[in-house]
1. Would you pick out the residues in segment 221-242 that are farther than 19 Å from residue 11 by Cα and either small (Gly, Ala, Ser) or part of a helix (DSSP H, G or I) (or both)?
2. Could you tell me whether residue 215 is surrounded by fewer than 17 Cβ atoms within 10 Å (Cβ to Cβ), of a type in the set (Val, Ile, Thr), out of contact with any Phe, Trp or Tyr (no Cβ under 7 Å at 6 or more places or on another chain) and closer than 30 Å to residue 42 by Cα?
3. If I filter segment 23-31 for residues that are in a helix (DSSP H, G or I), in contact (Cβ under 8 Å) with a residue 40 or more places away in the chain and hydroxyl-bearing (Ser, Thr, Tyr), do I get at least one hit?
4. Could you pull out the residue among 33, 71, 52 that is among the acidic types (Asp, Glu) and more than 30 Å from residue 224 (Cβ to Cβ)?
5. With respect to residue 81, is the statement that it is assigned to a helix (DSSP H, G or I) and either touching a strand residue (DSSP E or B) at 6+ places or on another chain (Cβ under 8 Å) or not basic (Lys, Arg) (or both) true?
6. In this structure, does residue 160 turn out to be surrounded by 17 or more Cβ atoms within 10 Å (Cβ to Cβ) and either touching a His at 6+ places or on another chain (Cβ under 6 Å) or modelled with pLDDT of 90 or more (or both)?
7. So which helices (runs of 4 or more DSSP H) stay within segment 98-216 end to end and still have 3 or more residues that are under 30 Å from residue 52 (Cβ atoms) and free of Cβ contacts under 8 Å to residues at least 40 places away in the same chain?
8. Quick one: which of 135, 215, 183, 190 is among the polar types (S, T, N, Q) and touching a Ser or Thr at 6+ places or on another chain (Cβ under 8 Å)?
Amino acid sequence: MKVEIYRIQLTHLRNSEYCMFVSQLVVIFLKFDAELLHLKKSFDRLVALLPDLDKVRAQEQGSIYSNLVSDLNIQRTRIFVALVKQVKNLEKSGIASFATHVNLLNGLLDKHGRDIATANYNSKTKRLNDFLNDTTSSDEISAAISGLNLSLLVDELRNANNEFASKYIVRIENDTEIEAVDTHAIRTETDKALLDFFNAFEFCSVEYDELDYKTPALKLNEHISHYKTELKARETRRKNGKDTSTEAPIAPKA
């Protein structure tokens, strides 16, 4: 009995989704006897590409950490700039009861520099650490921060800087472990292996009519249909002007 394997626009899948799609498809078909179905050669060719897809997945994970580090750097920069502006605004207010506190914080900012936000990653981390350490170096400075209602900004700056430092180390470790790969070449080769496998599946279902190709086809098509549905929904959201760039990768159907 001839069966049809659904096709999907593979180029529309993000790298992380693509790796997941192929890996899940392989897992599904591993439950069937590829040799009995005369599909061992085409299936083994696809399985042989999984290590390369793992490299793509690892490289993609490294990109995720790079984006996270960049976002955290922007966050700590914005908080520091907001803190500097708030001190300046309080100074401009001319409120006498704020004067002593403002003078102390201006001295602190003069010491560490208001240009911290323009420093590179490592320099910014150290300078912010030095600045934050000084915010608790004396009771007078602690009182100034509290008295000007700046405790929340200082705490958020400390959290953002610590989180940045932590994720930056992880990113560096990942970068040293991850092998640079040609994602386009790997995906192109995998696309061909997938198409060959699908074509062989359909051909064999006619050539060996006495064998059961319908059951594995149903499982594969269910998997493929899930991705086709999600991609269609994404395209609809895009056409409606909704941001799709920050969406999480498509998760395999449970």
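1. Result: 222, 241.
2. yes
3. no
4. Matching residue, one of 33, 71, 52: 71.
5. yes
6. yes
7. Once the helices (runs of 4 or more DSSP H) in segment 98-216 are filtered for at least 3 residues that are under 30 Å from residue 52 (Cβ atoms) and free of Cβ contacts under 8 Å to residues at least 40 places away in the same chain, what remains is 151-177, 183-207.
8. 135
The values are calculated or read from the model by the stated rules, or taken from the named source; none is laboratory data. Everything quoted here is computed from the prediction, not taken from an experiment. Counting neighbours? That spans all protein chains shown, and the Cβs are built from the backbone with ideal geometry, glycine included.
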